[in-house]
Amino acid sequence: MIKRLIDFLNASPVNYLAISNLCNELEKNGFRHIDPREPIGKVKRYTKSYEKDPQQAQGNTSNP
């Protein structure tokens, strides 16, 4: 387990890469990305889903 953590940290030296790598792991394990711009009626019901913060996804780390 420690080796997996170290591998993840080595592959994610900045927050943008950490988010990208986490999203890839989620999708490999059956999760579906939900686009927050989609109208709620168009989002299908899934048991495994995730949403990422659009600002963090673009590499913007500043907090308002």
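Numbers at a glance
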read-out	value
Exposure proxy order (Cβ contacts within 10 Å, fewest to most) of E38, E27	E38, E27
D53-K3 FRET efficiency (beta carbon distance; Förster radius 22 Å; 0.05 resolution)	0.15
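No lab work stands behind these numbers, since they all come straight from the coordinates. In this text the structure is predicted, and so the values were computed from the model without any measurement. Counting neighbours? That spans all protein chains shown, and the Cβs are built from the backbone with ideal geometry, glycine included.
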